[in-house]
There are 2 protein chains.
Amino acid sequence: MRIMSASQYDGKRSVDAGTREQQEAVKAILTSVRQQGDEALRYYTERFDRVLLQNFRVSEGEFAEASELVSSQVKAALEEAAENIWTFHERQVRQSWFTTKESGTLLGQLIRPLQRVGLYVPGGTAAYPSSVLMNAIPAKIAGVPEVVITTPPGADGKINPAILVAAQIAGVTEIYKVGGAQAIAALTYGTEQIKSVDKIVGPGNIFVALAKREVFGLVSIDMVAGPSEIAVIADETANPRYVAADLLSQAEHDPMSAAILVTTSQTLAEQVSQEVERQLADLPRKSIAEAAIRDYGAILLVADLEEGFAVINRIAPEHLEVMIAEPFEHLGKVENAGAIFLGPYSSEPVGDYFAGTNHVIPTNGTARFSSPLSVDDFIKKSSVVSYSKRDLRENGHKIVALAEQEGLSGHGRAILARLQDFETEEQEGEKR
Amino acid sequence: MRIMSASQYDGKRSVDAGTREQQEAVKAILTSVRQQGDEALRYYTERFDRVLLQNFRVSEGEFAEASELVSSQVKAALEEAAENIWTFHERQVRQSWFTTKESGTLLGQLIRPLQRVGLYVPGGTAAYPSSVLMNAIPAKIAGVPEVVITTPPGADGKINPAILVAAQIAGVTEIYKVGGAQAIAALTYGTEQIKSVDKIVGPGNIFVALAKREVFGLVSIDMVAGPSEIAVIADETANPRYVAADLLSQAEHDPMSAAILVTTSQTLAEQVSQEVERQLADLPRKSIAEAAIRDYGAILLVADLEEGFAVINRIAPEHLEVMIAEPFEHLGKVENAGAIFLGPYSSEPVGDYFAGTNHVIPTNGTARFSSPLSVDDFIKKSSVVSYSKRDLRENGHKIVALAEQEGLSGHGRAILARLQDFETEEQEGEKR
């Protein structure tokens, strides 16, 4: 792994915006599903997933079958993980609130769950039941009454059993065997068998990402996820074996994953570099991790932790591990990071699977302005205004002045309609 | 105003997605500013705003000049409005939090302000100082250290003085005279004079909207705002003059604004219809309001309030006025509405200018999944995980099982690196 000074590092990765052909293909799929509904879904599912389906919805029988195919060890671990995720995310729930004034006015904020949410789950070789938990549980806690999943079927017309087991654990029973841009279209426009949703979450390939970007505004979408990354900030107290293993755990995701060590210690830098080579040797996903380390891996030497955290904040990593003598003492220096793991035992996979925090985290520097998935992503807020007669009498003319200043006389007149009545009332009161 | 049964109403308005030419023009502007910085800004500002500027930043002298041009009445009203906005939004501030476990693990959520936010303020004939307050104050309360404004200059190279006064009241002093897609480009990529930002908020014309959509992901953006709308739900107790005036206050915004009355009372329906005609007659922005009422106005008769609120929830209006005998009793029926105004004195312009709630509210049905602008829009969250040795020893093998199930051995190995050390320690402990 290359070692360099922090100033030499330019960590830019370009996000795949898709080719013009891919963009046009996605637009065609969206239009076709919008116009032809299930018929279009059948066509694209046969074409891309090589299976012709009449009914897209997963049956009760299929859930039962899946349950038998997953080991009890994995099931138990998923259940315990779900419990931890539930416990952590429950703390994010917020209440509607209001404030009253002596003058009679009440202002507030009403918090409500979204009505219906669609979760896209990728198919293909790797199935990620943990992602089902991470996306579905916050929606359930928010109180979303209808959480549905779409996921591409295999050529046998089936869904990976671990996905179905995780869905059941998370309380999701409405699952459709549709993938790709056609699934995003179905969730946005609705078809005969699939009702449209208010929000679409979950990762996907370039076609799914392009489709989500295209329908953004018609429905809400979560972030457009890029390749994963990890940054570790470490001093001479860090264990090089742990650092190397954690860097590789992200590097194995994707050839475009980034794995970066920022350290004050030249010795650690060299040890980690060697450890990475050693551990790479027999890693099952070696070819992916090797490419990621080669193209997007780096060990950056810094003069002190001050400089180190400045580098971290520029990178704004999805995952940040802090392996220094006093991690809590330096937590306040972290401006930009999706998830922060402190100390030698907070290995990043702990957060991916089990601790309870969410593993859907902003990638590729977007932690500057985005946040991990949370209950907040499944609620909406409404302002509430109950303005009192006394306050309107007192303040009405100020509102009229502001409206007139902006050239919006109609706004002013709506207020004046009331103020005139108040005057009439007062005059009549005086007469009496 | 046309009266019909609710079932006859199809309130669809298509959002302007821009022509292919507009899209290409925006892409060209973005590229040009990214590559040529201020030089490109100068070129486009001369071309579109008809003024050649060397320095884009508004000077102290210009602030002082502006202050003298705005009446003390308007200034005082803006200051009081700002105070109300500040008071309401301060209640939205959230704290970082954490939870500890007896096992030694700590999990939490760190809440931090964005570092730098850009607020786009439209120029042209109408200037909206109230929008400056509504966008800037929540950012300030969130703790954003750098809030900047871009706004197109007039042909005289100046900015509307009320905008500058409102900016000063909100505490924003970094203002640049740049508008259109070129302003969005400058805020996204940065130029010699304008530093890039983390998030762009504020409304704009179609070029601004297209540019925001294009840079979405590189920076965060707020919602893409469509034309405004108001829905009033009213029973026979409502004052038809008030209802009509409030409908017109939104209709005057834009020929595509929607103004809808949902009522259980045939009498009120007819009275409001007549009142709208009467009040339209001498409305200064008559032509705009008339077109909006003709094309997107409707009075919908419903059998009862139950049906009425069902219609409202389908429309998911930006503004909802509830003018019925017992508004609070029915508040729980509102699922989808950006801002809810209760009772006869909560005329919608009260919220536009003065009450303290935000007037940046999701339009065109997006209240189904979006919320009014708030302090939440200017913060980001980071998960914090400090996992204890005891918990890792206890749960490590479950994490490995989940990682292996997903085919991510590198994730498992990161955990195993620690578990192996724990075993060695135990064996050594036993030997001793």
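The values are calculated or read from the model by the stated rules, or taken from the named source; none is laboratory data. This one's a predicted model, so the numbers in the text were calculated from it and none came from an experiment. Cβ sites come from the backbone with ideal geometry, for glycine too, and all protein chains shown count toward neighbours. These accessible areas exclude ligands, DNA and RNA; they are computed on the full protein's heavy atoms, side chains included. Shrake-Rupley method; radii C 1.70, N 1.55, O 1.52, S 1.80 Å.
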### Message
Buried by at least 20 Å² relative to the chain on its own: which residues of the range A:208-244 qualify, computing accessible area with a 1.4 Å probe on protein heavy atoms?
### Response
A:Arg213, A:Phe216, A:Gly217, A:Leu218, A:Ser220, A:Arg241, A:Tyr242
### Query
In µm²/s, what is D for the range B:79-146 at 4 °C and 1.567 mPa s, where D = kT/(6 pi eta Rh) by Stokes-Einstein and Rh is the Kirkwood radius from Cα pairs?
89
### Query
So how strong a dipole does the range B:1-155 carry about its Cα centre when Lys and Arg Cβ are +1 and Asp and Glu Cβ are -1, to the nearest 20 debye?
680
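Provide the percentage of antiparallel DSSP beta bridges, counting only those with both residues in chain A; round to the nearest 5.
If we restrict to bridges inside chain A, about 25 percent are antiparallel.
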### By accessible area with a 1.4 Å probe, ligands and nucleic acids excluded, highest first: order of A:Tyr43, B:Tyr353, A:Tyr296
A:Tyr43, A:Tyr296, B:Tyr353
#### Entry: Descending Cα extents along the principal axes, the range A:21-68, whole Å
42, 20, 14
### Query
Can you work out the FRET efficiency for the pair B:Glu404 and B:Ala17, with r the C-beta to C-beta distance and R0 = 45 Å, to the nearest 0.05?
0.45
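Beyond 20 Å, how much of the Cα-Cα pair distribution for the range B:265-413 remains, as a whole percent?
Tail fraction, whole percent: 67.
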### Query
Per q in 0.09, 0.16 1/Å, what log10 I(q)/I(0) does a Debye calculation on the alpha-carbon atoms of the range B:20-221 return?
-0.38, -1.01
### Summary
Here the residues of the range A:373-392 whose accessible area is at least 30 Å² smaller with all protein chains than in the chain alone (probe 1.4 Å) are A:Asp376, A:Lys380, A:Lys381, A:Ser382, A:Ser383, A:Val384, A:Val385, A:Ser386, A:Tyr387, A:Lys389
### Task
Provide the per-residue ³J(HN,Hα) series for the range B:197-210, in order, calculated from phi with Karplus coefficients 6.51, -1.76, 1.60 and θ = phi - 60°, each as a whole number of Hz, with x at glycine and proline positions.
10, 8, 8, 10, 10, x, x, x, 6, 4, 5, 5, 4, 5
#### Entry: Solvent-accessible heavy-atom area per residue, rounded to whole Å², over the range B:20-221 at 1.4 Å
41
### Summary
Of the candidates B:Gly37, B:Tyr189, A:Ile111, the farthest towards the positive dipole end of the protein assembly as shown (Lys/Arg Cβ +1, Asp/Glu Cβ -1, centred on the Cα centre) is B:Gly37
### Query
How much mean residue ellipticity at 222 nm does chain A get from its helices, if each DSSP H run of length 4 or more adds -39500 (n - 2.57) and you divide by all residues, to the nearest 500 deg cm²/dmol?
-14500 deg cm²/dmol
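How much accessible area is lost when chains B and A come together, counting both sides, with a 1.4 Å probe, in Å² rounded to the nearest 100?
Separately minus together, B and A give about 10400 Å² buried.
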### Task
Could you work out, for chain B, what percent of all Cα-Cα pairs fall into each 20 Å distance bin, beginning at 0 Å and stopping at the bin that holds the largest distance?
22, 45, 25, 7, 1
#### Entry: the range B:348-432 - Rg over Rh from alpha carbon coordinates, Kirkwood radius
1.42
### Query
Expressed as a whole percent, how much of the Cα-Cα distance distribution for the range B:1-106 exceeds 22 Å?
73
### Carbon + sulfur, % of accessible area of the range A:1-122 - ligands and nucleic acids excluded, 1.4 Å
47
### Query
³J(HN,Hα) across the range A:328-341 via Karplus (A = 6.51, B = -1.76, C = 1.60, θ = phi - 60°), whole Hz, x for Gly/Pro?
5, 5, 10, 4, x, 7, 7, 8, 10, 6, x, 9, 10, 10
#### Entry: Cα-Cα over 27 Å, subset of B:Lys101/B:Lys381; A:Lys101/A:Lys199; A:Lys140/B:Lys140
A:Lys101/A:Lys199; A:Lys140/B:Lys140
### Query
With every protein chain in place, what's the accessible area of B:Ser71 (1.4 Å probe, Å², nearest 10)?
60
#### Entry: Percent carbon-and-sulfur accessible area, the range B:389-431, ignoring ligands, DNA and RNA, probe 1.4 Å
44
### Task
Would you mind giving the average projected area, over all directions, of the Cα convex hull of the range B:203-265 in nm² with one decimal?
5.5
### Query
Shortest first, in nm, what separates the label point of A:Lys12 from those of the same position in the other copies (7 Å along Cα→Cβ)?
4.3
### Query
Taking one equal scatterer on every alpha-carbon of the protein assembly as shown, how large is log10 of I(q)/I(0) by Debye at q = 0.06 1/Å?
-0.43
### Summary
In the range B:335-354, the residues losing 50 Å² or more of accessible area (1.4 Å probe, heavy atoms of protein chains only) relative to their chain alone are B:Glu335, B:Ile340, B:Tyr345, B:Val350, B:Tyr353, B:Phe354
### Query
Which of the GluC sites (Glu not before Pro) across the range A:295-373 are loop residues per DSSP, with 14 or fewer other Cβ within 10 Å?
none
### Task
Would you calculate the volume per residue, in Å³, of the smallest convex hull containing every Cα atom of the range A:390-431?
55
### Message
For the range A:140-179, compute Rg over Rh where Rg is the Cα radius of gyration and Rh is the Kirkwood radius from the inverse mean 1/r over Cα pairs.
### Response
1.02
